[in-house]
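To start, the structure itself, in structure tokens.
The values are calculated or read from the model by the stated rules, or taken from the named source; none is laboratory data. Computed from a predicted structure; not experimentally measured. Positions of Cβ are backbone-derived with ideal geometry, glycine not excepted, and every protein chain shown enters the neighbour counts. These area figures cover heavy atoms from the full protein model, side chains too; ligands, DNA and RNA do not enter into them. Shrake-Rupley method; radii C 1.70, N 1.55, O 1.52, S 1.80 Å.
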Amino acid sequence: MSLRLPDAGAPTGPDGRRHAPSADRNAEAILAVLRAESPEGRMLEIAAGTGQHAARFAAALPALLWQPTDVDPANMPSIEAWREASGAPNLRAPILLDATRPGWPARHPCEALLIVNLLHLIPETEAAAVLRHAASALTPGGTLFLYGPFLRDGRPGSAGDESFDASLRAQNPEIGLKDSTWIEERLAEAGLAVRRIEMPAHNLMFVARRT
């Protein structure tokens with residue numbers, strides 16, 4: 001997976017934990033959806049980044065066995081440091097996982113799967129692969145949670161999103177915000193029943209269930 005790391009500039013504390021302010025800002029809104037919608041069982045988190053969400057959500061949702069993953073080995077120490085600091089017994093040690101590659105769903109079946117702020121950082125072909133593989137990792141009745149900024153009918157939801165999208169495409173024309181309708185079509189093709197939830201700061205959460 002070739003991506004621009006969203007938390008690459010996050011400062012590192014003396015205990016090895018990196019801190020991204022954006023992960024604090026969206027945590028409560030995401031957690032509210034997870035509390036209301038997530039089944040019990042195994043939760044696989046794709047692109048865990050700093051590890052802040054894994055630590056916070058696992059502690060708040062003890063019925064979930066939380067498995068953080070990331071494609072970047074450089075993120076492993078921070079995710080592990082957050083795990084140790086949290087003391088959550090249901091939070092597993094992080095593992096390396098490239099969610100764009102085939103084969104991993106058979107090794108990591110799960111009842112729930114979380115993807116936060118990833119798809120706009122990778123090309124459309126890779127985003128489609130992530131969604132396809134994530135859907136196949138879900139057990140019957142399993143739920144995929146997909147959060148981030150998205151286009152609506154090809155347009156950004158706010159001036160801030162428009163500027164953000166332009167900055168991403170200036171770095172790499174193949175990346176940028178994906179359209180919400182495109183997301184829903186990919187999830188439906190993968191056999192999931194999907195609905196969208198409006199979130200703060202013009203973000204969306206897609207809740208997609210394998211029936």
For the stretch 52-136, the dipole about the Cα centre with charges only on Cβ (Lys and Arg +1, Asp and Glu -1), to the nearest 20 debye, works out at 200 debye
Charge dipole of the chain built from unit charges on the beta carbon (Lys, Arg +1; Asp, Glu -1), centred at mean Cα; most positive-end Cα among 202, 91, 118 is 91
Quick shape check on the stretch 93-211: root eigenvalues a ≥ b ≥ c of the Cα gyration tensor, a/c under 1.5 is rounded, otherwise prolate if a/b tops b/c, else oblate, and it reads prolate
The distance between the Cα centres of the stretch 81-107 and the stretch 29-58, in whole Å, is 12 Å
For the stretch 51-59, in residue order, the Karplus 3J(HN,Hα) values (coefficients 6.51, -1.76, 1.60; θ = phi - 60°; whole Hz; Gly and Pro = x) are x, 4, 5, 4, 5, 5, 6, 4, 5
Under the rule rounded for a/c under 1.5, else prolate if a/b exceeds b/c, else oblate, using alpha carbon gyration tensor axes a ≥ b ≥ c, the stretch 1-158 is classed as rounded
Highest mean packing first, using Cβ neighbours within 10 angstrom, the peptides 144-150, 76-82 sort as 144-150, 76-82
Relative contact order in percent for the chain (Cα pairs under 8 Å, 6+ apart) equals 18 percent
Here the convex hull volume per residue of the stretch 26-72, taken over Cα atoms and given in Å³, is 66 Å³
Looks like the stretch 163-211, by Cα gyration tensor root eigenvalues a ≥ b ≥ c and the a/c under 1.5 rounded cutoff (else prolate when a/b is bigger than b/c, oblate otherwise), is oblate
To the nearest Å², the heavy-atom accessible area per residue of the chain with 1.4 Å probe amounts to 43 Å²
Once the dipole of the stretch 123-211 is set up from charges on Cβ (+1 Lys and Arg, -1 Asp and Glu), the residue from the list 193, 172, 149 lying farthest towards its positive end is 193
If every Lys and Arg gets +1 and every Asp and Glu gets -1 at its Cβ, then about the Cα centre the chain yields a dipole, in debye to the nearest 20, of 360 debye
Once all protein chains are kept in place, residue 198 shows an accessible area at probe 1.4 Å, nearest 10 Å², of 120 Å²
Computed for the stretch 99-211: size of charge dipole around the Cα centre, +1 on C-beta of each Lys and Arg, -1 on C-beta of each Asp and Glu, debye to nearest 20, value 400 debye
Measure of exposure for residue 71: accessible area at 1.4 Å probe, Å² rounded to 10, is 40 Å²
